[in-house]
Ligand SMILES: C[S@@+](CC[C@H](N)C(=O)[O-])C[C@H]1O[C@@H](n2cnc3c(N)ncnc32)[C@H](O)[C@@H]1O
């Protein structure tokens with residue numbers, strides 16, 4: 001359980017920083033300011049991360065999808081890695097986060113950078129983390145293709161025994177997403193990737209655990225993972241059958 005008291009207005013303090021939980025999707029979208037870093041994670045997410053933090057001591061942490069920086073600061077203060085970085089597609093820098101990164105050694109953030117930008121992700125892991133990647137938190141597009149591409153790039157770089165987290169995998173099954181008029185109706189569901197990850201786990205010795213919780217999936221890389229050469233998706237065995245996308 002996340003023990004910190006969260007005020008009625010969503011504000012709480014962690015490690016000397018003020019955060020503001022925002023769960024409403026109403027426009028205009030909230031911005032980080034003197035009242036706190038806007039955090040798009042509700043209490044169940046905070047509880048899950050608190051329990052993860054009880055057993056996990058990552059030295060390096062990469063967040064995909066920053067929004068207003070609340071998730072970045074929350075994960076940083078909770079998990080206290082030596083180095084942290086993040087990518088965010090939106091090009092406009094979030095000034096309070098830019099300021100936070102400047103005053104906190106070993107921190108960086110890359111705006112205008114997609115989660116599927118292979119060169120950028122490789123550069124971050126190799127140059128900023130010295131090649132060591134302990135934990136990934138993907139809270140970016142929630143789109144099947146982008147999420148799969150990030151996993152394909154980053155999972156081979158993850159340290160054996162490291163943790164790869166995928167947030168908000170269940171959107172295609174939510175009542176609000178069922179209408180053919182919904183903007184995401186034509187998109188392949190995120191959960192399609194979970195089926196493929198299940199097949200990957202069954203086919204290989206890459207992963208030891210895939211813990212599916214309603215808010216997120218936590219994938220443990222095998223501490224004895226064999227060296228990965230080539231594309232991980234080519235390692236899936238389906239007895240010659242096709243998986244029909246959902
Ligand atoms: C759910 S919000 C992130 C919330 C944040 N992690 C937090 O906990 O407060 C998702 C963010 O991902 C960004 N995003 C969308 N597509 C992306 C992509 N392809 N690469 C990187 N970021 C992306 C969006 O601009 C948005 O800011």
Which residue pairs have Cβ atoms under 8 Å apart, sit 6 or more places apart or on different chains, and have a first residue in region 165-179 that is closer than 27 Å to residue 154 by Cα and free of Cβ contacts under 8 Å to residues at least 40 places away in the same chain and a second that is within 16 Å of the ligand (Cβ to nearest atom) and not in a loop (DSSP other than H, G, I, E, B)? 171/177
Scan region 140-150 and give yes if some residue there is assigned to a helix (DSSP H, G or I), within 13 Å of the ligand (Cβ to nearest atom), under 24 Å from residue 246 (Cβ atoms) and in contact with a strand residue (DSSP E or B) (Cβ under 8 Å, 6 or more places away or on another chain), otherwise no. yes
Does residue 198 qualify as being closer than 30 Å to residue 240 by Cβ, assigned to a helix (DSSP H, G or I) and within 12 Å of the chain's Cα centre (by Cα)? no
Out of 133, 19, report the one residue that is more than 15 Å from the ligand (Cβ to nearest atom), in contact with a helix residue (DSSP H, G or I) (Cβ under 6 Å, 6 or more places away or on another chain) and in contact (Cβ under 8 Å) with a residue 12 or more places away in the chain. 133
Consider residue 58 carefully, then state whether it is buried (at least 23 other Cβ atoms within 10 Å of the Cβ), part of a loop (DSSP other than H, G, I, E, B) and more than 10 Å from the ligand (Cβ to nearest atom). yes
Kindly indicate whether any position in region 30-45 is away from the ligand (no atom under 15 Å from the Cβ), modelled with pLDDT of 95 or more and either out of contact with any strand residue (DSSP E or B) (no Cβ under 7 Å at 6 or more places or on another chain) or under 22 Å from residue 127 (Cβ atoms) (or both). no
What is the number of the single condition among (1) out of contact with any helix residue (DSSP H, G or I) (no Cβ under 7 Å at 6 or more places or on another chain); (2) near the ligand (Cβ under 10 Å from one of its atoms) that residue 48 does not meet? (2)
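Looking at region 32-55, which of the residues that are within 20 Å of the chain's Cα centre (by Cα) and assigned to a loop (DSSP other than H, G, I, E, B) is surrounded by the fewest Cβ atoms within 10 Å (Cβ to Cβ)?
42
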Touching a strand residue (DSSP E or B) at 6+ places or on another chain (Cβ under 6 Å) and either outside any helix (DSSP H, G or I) or loosely packed, with under 12 Cβ neighbours inside 10 Å (or both): which single residue out of 169, 184 fits that description? 169
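Could you check region 197-211 and list, in sequence order, the residues that are touching a residue at least 40 places away in the same chain (Cβ under 8 Å) and surrounded by fewer than 18 Cβ atoms within 10 Å (Cβ to Cβ)?
199
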Select from region 88-119 the residues that are surrounded by 16 or more Cβ atoms within 10 Å (Cβ to Cβ) and not in a loop (DSSP other than H, G, I, E, B) and list them in ascending order. 88, 96, 97, 100, 101, 107, 110, 111
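The values are calculated or read from the model by the stated rules, or taken from the named source; none is laboratory data. Quantities reported herein were computed from a predicted structural model and do not represent experimental measurements. Don't worry about glycine lacking a Cβ; one is built from the backbone with ideal geometry, like all the others, and counts go over all protein chains shown.
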